[in-house]
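Since the structure comes first, as structure tokens, the remarks are kept for the end.
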Amino acid sequence: MIELQHTTKTHDESRQGEALDMLPTGKSTGRKLYIESYGCQMNFSDSEIVASILLDNGFETTKDYKEADVVFINTCSIRENAEQRVRNRLKEFESVKAKNPGMVVGVLGCMAERLKSKFLEEEKLVDVVVGPDAYRDLPNLIDKVDDGNKAVNVLLSREETYADISPVRLNSNGISAFISIMRGCDNMCSFCVVPFTRGRERSRDCHSIVKEAQDLFNAGYREVTLLGQNVDSYKYTKPATEGETPAPPVNFAQLLAMVAEVSPELRVRFSTSHPKDITDEVLHTMARYENICKYIHLPVQSGNSRVLELMNRTYDREWYMDRVNAIRRIIPTCGISTDVITGFCTETEEEHQETLSMMDYVKYDFAYMFAYSERPGTLAAKRYEDDVPEDVKKRRLTEVVNKQQEHSLYRLQNFVGNVQKVLIEGFSKRSDQDYCGRNDQNTMVVFPVDERFKPGQYVHVLAERCTSATLIGRIVD
Ligand code: SAH
Ligand code: SF4
Ligand code: F3S
């Protein structure tokens, strides 16, 4: 979930992407697919798998939903407003479908999984509802719709990792890519809908992950982000073949090292780490490889132990601080970011103050911050009353956001005057006279174009000043 650095925008439901124009890899049917994604990076990554499956089935992709034969929306359920945004978007598709009744409209992802066939009743224009583990069935489901039926497949799987499917890189800068290393989640954080929408945790074959990283590197990519809801519990055991002794399982620290070995020129990032599972072994592996970026997203959610217990996070304030201390000890330059929820059930003013004091303790480089949104079916919805008034949740959120702005600025100012190693990603958003790229700690750095260097190359940049979100400097190589 690494995105939109140093803004206070939320990372999930605000994100939106489109497919680029791509031609089919199989026999062309001339049919056009449009796919739009919401939610976390896992969803964006899944859309690349969906595109790959349909390109293999003769589709091409389009950036314009008005000319598409199949319109997919890959959805997020994490908070109520994420779902609302999708419903609003579906309304916009309505007029286009009225003009083109043959157009197939599909809902994919977490909302599809949560609402299942109810979606077809609630939103009449939807023809297909497909959960995150059923994407291989898409060509078949589209056929069903072509035959005049509605189609639903929301089966969750204990095995599916799409390991053999080579994702089509959508909206890519050709430099950075995401690799899903696991799916699902076995934690039961009481506020969270993900275990219900994504199913049981399973880890993808480590060899297919390394191969994907190698293929990306060969294609010119220079940064991969390994994705999972809880990467520290990654564990892959190769199925034993007859007559052979079974191989020992590969854990996350070992996987990180395997990917880092692809090339010292390939940067490796990962997200998300769970405070209960992040090990010193992972931290030592990060310290050992220069190309594993010194940046950890370690969601705290709350700084108070009683609230953490109600959240079922299975760590307390002291444990979290101990993990932060370990990071600072083993990787002194490491950037740390977090997620915070304000106004969780029964949270008192004093407990909220403990979240603020935790923020003071860590001084996060960056944070995603949310007001608690009750999700149907979760443990919290069943067990606890959503009793913090909306205005109190929002006021606490504002306090958290303001504090984070101070800390983000503090972290940025600490970089000023220092030389940063930056991977050039391309031209800056504002001007083609400037390049942009990130430093090790994932902070965006902007600097004047130097013809000797191209996107995909590393440069050393002296940070001369900063805005609230960006370092500004010049190349000193
Ligand atoms: N697997 C990651 C989080 C995935 S969801 C982890 O365990 O850290 C991303 C973030 O959304 C969470 O960290 C949490 O801060 C927020 N979130 C999840 N459910 C929420 C809810 N019901 N209300 C508000 N924020 C929520
Ligand atoms: Fe949700 Fe918790 Fe799993 Fe993260 S670890 S996806 S917050 S249940
Ligand atoms: Fe949203 Fe599903 Fe991701 S609920 S945050 S898209 S796993």
Item to check | Rounded accessible area per residue of region 419-476, 1.4 Å, Å² | outcome: 49 Å²
Item to check | Whole-number D in µm²/s for region 419-476 (Stokes-Einstein; Kirkwood sum over Cα pairs; 37 °C, 0.692 mPa s) | outcome: 304 µm²/s
Checklist entry - Within the accessible area of the chain, what % is carbon and sulfur when the probe is 1.4 Å and the other protein chains stay in place? => result 50 percent
Next on the checklist: Can you work out the Karplus-derived ³J(HN,Hα) for every residue in region 101-106? Use 6.51 cos²θ - 1.76 cosθ + 1.60 with θ = phi - 60°, whole Hz, and x for glycine or proline.
Outcome noted: x, x, 5, 8, 10, x
Checklist entry - Rounded if a/c is under 1.5, else prolate if a/b beats b/c, else oblate: with a ≥ b ≥ c from the C-alpha gyration tensor eigenvalues square-rooted, which is region 330-403? => result prolate
Checklist entry - Taking amide hydrogens as modeled 1.01 Å from N in the peptide plane, which residues meet the under 5 Å criterion relative to VAL105, leaving out close sequence neighbours? => result VAL71, ASP127, VAL128
Checklist entry - If you average 1/r over all unlike Cα pairs in region 33-97 and invert the result, what Kirkwood radius do you get in angstrom? => result 12.5 Å
Next on the checklist: Need one word for region 148-288: rounded, prolate or oblate. Basis is the Cα gyration tensor (sqrt eigenvalues a ≥ b ≥ c); a/c below 1.5 gives rounded, then a/b vs b/c decides.
Outcome noted: rounded
Checklist entry - Restricting to the chain, what percent of DSSP beta bridges are antiparallel, rounded to 5? => result 35 percent
Checklist outcome for this item: Hull surface over four for the Cα convex hull of region 6-153, reported in nm², is 8.5 nm²
Item to check | the chain - mean residue ellipticity at 222 nm from DSSP helices (-39,500 (n - 2.57) per run, n ≥ 4, rounded to 500) | outcome: -10000 deg cm²/dmol
Checklist entry - Residues with amide H under 5 Å of ILE296's amide H, sequence separation 5 or more or different chain, H placed in the peptide plane at 1.01 Å from N; which? => result GLY335, ILE336, SER337
Checklist outcome for this item: The set of residues whose placed amide H lies less than 5 Å from the amide H of PHE178, leaving out same-chain residues fewer than 5 positions away, is THR225
Checklist entry - So, how do all the Cα-to-Cα distances of region 146-198 break down into 5 Å bins, in percent, from 0 on up? => result 4, 12, 16, 15, 18, 17, 13, 4, 1
Checklist entry - What whole-number value in Å² describes the accessible area per residue of region 6-153 for a 1.4 Å probe? => result 39 Å²
Checklist entry - So what J values fall out for region 72-85 if you push phi through Karplus, 6.51 cos²θ - 1.76 cosθ + 1.60 with θ = phi - 60°, rounded to Hz, Gly and Pro as x? => result 10, 10, 9, 10, 10, 10, 4, 9, 4, 5, 5, 5, 4, 4
Checklist entry - Among 44-52, 205-213, 426-434, 89-97, how do they line up from the highest to the lowest mean number of other beta-carbon atoms within 10 Å? => result 44-52, 205-213, 89-97, 426-434
Checklist entry - How long are the semi-axes of the ellipsoid equivalent to the chain, from square roots of 5 times the Cα gyration tensor eigenvalues, in whole Å, largest first? => result 34, 28, 24
Checklist outcome for this item: Applying the gyration tensor rule to the Cα atoms of region 237-307 (axes a ≥ b ≥ c; rounded if a/c under 1.5, else prolate if a/b exceeds b/c, else oblate), the class is oblate
Next on the checklist: Explain nothing, just compute: Karplus ³J(HN,Hα) = 6.51 cos²θ - 1.76 cosθ + 1.60, θ = phi - 60°, for every residue of region 50-62 in order, whole Hz, x for Gly and Pro.
Outcome noted: 4, 4, 4, 5, 6, 4, 5, 9, x, 7, 10, 9, 9
Item to check | Separation of alpha-carbon centers, region 162-210 and region 90-117, rounded to whole Å | outcome: 24 Å
Checklist entry - Using a 4.7 Å Cβ cut-off, which Cys residues in the chain lack a partner cysteine? => result CYS40, CYS76, CYS110, CYS185, CYS206, CYS293, CYS334, CYS345, CYS436, CYS466
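The values are calculated or read from the model by the stated rules, or taken from the named source; none is laboratory data. Since the structure is predicted, the reported quantities are computational estimates derived from the model, not experimental observations. Cβ coordinates were reconstructed from backbone atoms using ideal geometry, including for glycine residues, and neighbour counts include every protein chain displayed. Calculation scope for accessible area: heavy atoms of the full protein, side chains included, ligands and nucleic acids excluded. Shrake-Rupley method; radii C 1.70, N 1.55, O 1.52, S 1.80 Å.
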